[in-house]
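Visitor: The structure is given below, and queries will be raised subsequently.
The values are calculated or read from the model by the stated rules, or taken from the named source; none is laboratory data. Please read these numbers as outputs of a predicted model, since none were measured by experiment. Note that we place each Cβ from the backbone using ideal geometry, even for glycine, and neighbour counts take in every protein chain shown.
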Amino acid sequence: MHTLITYIMVFPRRSAFVLVALLLAGVAEALSLTALLPLISIAVGETDDSKIGRFMAQTLEQVGIAPTIDAILLIIVGGMFIKGIILLLTNRQVGYTVAHVATALRLDLIEALLASRWQYYLCQPVGSLANSVATEAYRAANGFEHSVNVLALAIQVVVHAVVALFISWQATLGSLLIGIVLFIALHRLVRATRRAGTKQTHLLRHLLSYLSDVLGSVKSLKAMARDNVADAILHEQSIQLEKATRKEVISRAALLALQEPILAALTASGLYIALVVWNLSLPEVMVMVFLLTRILGLLNKTQRRYQQLTVQESAYWALRTAAEDARAAAERATGTITPTLQQGISLRHVAFDYDRKQIFQDLNIEIPVKSFTAIIGSSGVGKSTLLDLLCGLAEPKSGEILIDGVPLHNIDLRQWRHLIGYVSQDTVLLHDTILSNTLVGAPTLTTEDAERALKQAGAWDFISSFPEGIQTVVGERGGMLSGGQRQRIAIARALAHQPLLLLLDEPTSALDPQSEQLICETLKKLAEDYTIVTVSHQPAVINAADRVFILSDGQADLLTNAPK
């Protein structure tokens, strides 16, 4: 019930639209079916002494319609058509709303994740995030549909009960009491379904997280004949997911199987009591039995819808928790100063650590504009962390990072990042064209921007040799290109928006000597117009740099033999 109320509170307008639409459809169905038997009795000339029968006869007389069989049949068919149109519009509204809810949940999670701190993002399994955006958002949206249907069906129960009270309040209250008792007795199956749904959500997260990691390293696993180990783990997780799904299916099937015969027995008992014990007229009995059967049927349908809601609700709460956790880890947004980069960058007495691991103790570095600075040091000394600090992806525990003399924490972080071009250690290209990989969907950039950046990165010559040029598809992760070609496109991507600061993390680590030399020549040329900071172990990069700092013991030393 908590999930049902939460859905309504989170999506009030959408819930109201769907609820009204479902309610209109239910009322139309109730009125058309309730009036069916009295109308037929009138049409065939039989006397219907029930209240509904007398009401229908008076209504036809007031509107001037003769109660002939052809007129009555036309009214019935017309009512069915109207009900069908209402149902069509209702189902369309429900479908649109479910799609909207799924989209809203996806966007909420994506926005929260992208706004979170880098350290938080690093701790999130990619497969789990993909599962949240795809599977959990879809299941949560279906849960919203079921929740609104539960409310609509409950309202229909009330409408039918009000009509039935005019016929026999004793039978109506008795039927409602029986329905509630039946609802409570079968609720154990609903709880079993909820547990199965929660288990499915948990297993799907783990399965897709592990699958994502396996697919990312499948080449290495196959080369070492360890793919069977990964297959065994995936197989076991898939079997557990199947077991959870079976429990859900059994619970749903059991609920349906038990409801039907119990409802039939109650209907038969009610019919016998009305005809034999109470001696009611057949038309009145038929209407009453129909209404009471509908009430019990609607209660059963409400319980089945609620059971379906319990299957999906765990996905909603998992998705909501992920978004709330990401928002709790949001980046700071305190800076308001518009950044410039005309003088240089200074790191003064910077200290930084990851939990208990000290990275920097007293880091001091000066980076003048339009210079080529290389950062070297052993693995784990903090070279990539230094780039994270310059981007604002990490914040120093103490000390200052000054941009043209202004502390970075006082600067608008998003505007500062617009001045940065970043090339990561792992060059990952999209399975798309060179143009798309260069612009990455930026709406303000054009094909001319891509061509300029590709020429600056020294990539235009080999791109021009391709039959489709800039429209060449690079393949999965850029597999159709060489390592040097991929790296040049990555550099062009960083240059496309014309930044002032270019940060590169091991730009030549996976390249052959010839490709490495070409990249270094490109960087030296770019240093005439850009401020470049690169992390590297490669001698070629170090020799090409204007300034070289070596990191050790949490500090940085300027190499005296570095080119000036």
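Visitor: Does the stretch 485-518 hold any residues that are within 33 Å of the chain's Cα centre (by Cα) and either free of Cβ contacts under 8 Å to residues at least 24 places away in the same chain or at positive phi (or both), and which are they?
Guide: Q498
Visitor: When the residues of the stretch 398-427 are narrowed to those that are in a strand (DSSP E or B) and under 30 Å from the mean Cα position of the chain (by Cα), which ends up farthest from L501 (Cα to Cα)?
Guide: V423
Results for (1) in the same structural domain as L309 (by TED's automatic domain parsing); (2) aromatic (F, W, Y); (3) at pLDDT 80 or above; (4) closer than 30 Å to K301 by Cβ, shown as yes or no for each residue.
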| site | (1), (2), (3), (4) |
| --- | --- |
| H187 | yes, no, no, yes |
| R191 | yes, no, yes, yes |
| L207 | no, no, no, no |
| D213 | no, no, no, no |
| V229 | no, no, no, no |
| H235 | no, no, no, no |
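Visitor: Could I ask something else about it? Filter the stretch 452-502 for residues that are among the polar types (S, T, N, Q) and surrounded by fewer than 23 Cβ atoms within 10 Å (Cβ to Cβ); which is modelled with the lowest pLDDT? Step through it out loud before you land on a result.
Guide: Quick first cut of the stretch 452-502, residues among the polar types (S, T, N, Q) only: 456, 464-465, 471-472, 482, 485, 487, 498.
Cutting the leftovers down to surrounded by fewer than 23 Cβ atoms within 10 Å (Cβ to Cβ) gives us 456, 464-465, 471-472, 482, 485, 498.
Numbers: Q456: 82, S464: 86, S465: 86, Q471: 85, T472: 82, S482: 77, Q485: 81, Q498: 86.
Here the answer is S482.
Visitor: Kindly provide the set of residues from the stretch 130-144 that are over 25 Å from V18 (Cβ atoms) and surrounded by fewer than 21 Cβ atoms within 10 Å (Cβ to Cβ), ordered by number.
Guide: Of everything in the stretch 130-144, just one residue is over 25 Å from V18 (Cβ atoms) and surrounded by fewer than 21 Cβ atoms within 10 Å (Cβ to Cβ), namely A130.
Visitor: Check the stretch 288-300 and report whether any residue there is assigned by TED's automatic domain parsing to the domain that holds I184, β-branched (V, I, T) and modelled with pLDDT of 80 or more.
Guide: No.
Visitor: Please go through the stretch 412-435 and give me each residue that is buried (at least 18 other Cβ atoms within 10 Å of the Cβ) and touching a Pro at 6+ places or on another chain (Cβ under 7 Å), ordered by number.
Guide: W416, I420, G421, V423, listed by residue number.
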